[in-house]
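Input: a single structure, listed below in structure tokens.
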């Protein structure tokens, strides 16, 4: 594994090893026995989008392992590809640091960084994929439900980067997934075909009740992502009927509730469900740190 751009790029064995390492480093962290295995290593952290969990988890993970994280905002280096070509930015930064983490709008930016940097590149979010989130999610599911094989995730909402990464994860870990989206917001057909290439593990629905029935996990995400603010009124109207609430969860009363945050309570999820006993939303948020610590140790160690 040279980079981490999309879950689909890694084998089930590689991803399984990362989950095992995440759990082990989490245990050591809780016990205070974590080793500073990245002493002297530097991670460049490029942010084109605002960030809370990503920024804190990567920077703290580097600190925990003895390394240093340097945050670079658009004002620091210019919007990638405008002030100077991405390949030039990649080759300069790659000579200064041991790895690059990038949270960006376009997945193509990550591909260009990985092609030219000469050091590992990590996708901390792009329009196409959110692999670190998906891996923290399956770490959380395994902690709460045990073995992953055979478990069903129901995703209610936009067939976006989070849904796509989760879909690829379900295929890797012998899980199944049902995605319910309003017309015009479905997961793309190419991803659907790729996920189901070896076995039929992903289904697409227009009815949220149909999707959540029999689910072990019910997952949702914001209806309006960063960069889509001008579409807010239309999206809120289009997603009416796709809220994760008590009525919907009466069809999956024991399901764990997940959300990658930030949550717009009263839109995609109600406050009572986000705060319910079955909610593991903040375990997910914590596990971003533990997975990313393992990923850094693997790629930079």
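Can you tell me which residue is nearest to the chain's Cα centre (by Cα) among those in segment 30-48 that are farther than 15 Å from residue 300 by Cβ and surrounded by fewer than 16 Cβ atoms within 10 Å (Cβ to Cβ)? Selected residue: 30.
Okay, residues lined up against (1) under 21 Å from residue 49 (Cβ atoms); (2) out of contact with any helix residue (DSSP H, G or I) (no Cβ under 9 Å at 6 or more places or on another chain):
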| residue | (1), (2) |
| --- | --- |
| 209 | no, no |
| 249 | no, no |
| 255 | no, no |
| 295 | yes, no |
| 301 | no, yes |
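So, residue 83, is that one in a loop (DSSP other than H, G, I, E, B), at pLDDT 95 or above and over 18 Å from residue 119 (Cβ atoms) or not? Against the criterion (in a loop (DSSP other than H, G, I, E, B), at pLDDT 95 or above and over 18 Å from residue 119 (Cβ atoms)), residue 83 does not qualify. Summed over segment 86-110, residues that are outside any loop (DSSP other than H, G, I, E, B) and over 14 Å from residue 72 (Cβ atoms) total 6.
Filtering segment 139-164 to residues that are closer than 15 Å to residue 6 by Cβ and assigned to a helix (DSSP H, G or I) leaves 161, 162, 163, 164.
Please verify whether residue 278 is touching a helix residue (DSSP H, G or I) at 6+ places or on another chain (Cβ under 6 Å), at pLDDT 95 or above, surrounded by 15 or more Cβ atoms within 10 Å (Cβ to Cβ) and closer than 25 Å to residue 176 by Cβ, treating the condition exactly as stated. No, not satisfied. Entry remark, segment 204-244: residues being on the phi > 0 side of the Ramachandran plot and either part of a helix (DSSP H, G or I) or modelled with pLDDT of 95 or more (or both) number 2 in total.
Every condition in (1) surrounded by fewer than 23 Cβ atoms within 10 Å (Cβ to Cβ); (2) in contact (Cβ under 8 Å) with a residue 24 or more places away in the chain; (3) not in a loop (DSSP other than H, G, I, E, B) holds for residue 113 except the one numbered (1).
The values are calculated or read from the model by the stated rules, or taken from the named source; none is laboratory data. Please read all numbers here as calculations on a predicted model, not as lab measurements. As a convention, Cβ positions derive from the backbone with ideal geometry for all residues, glycine included, and neighbour counts pool all protein chains shown.
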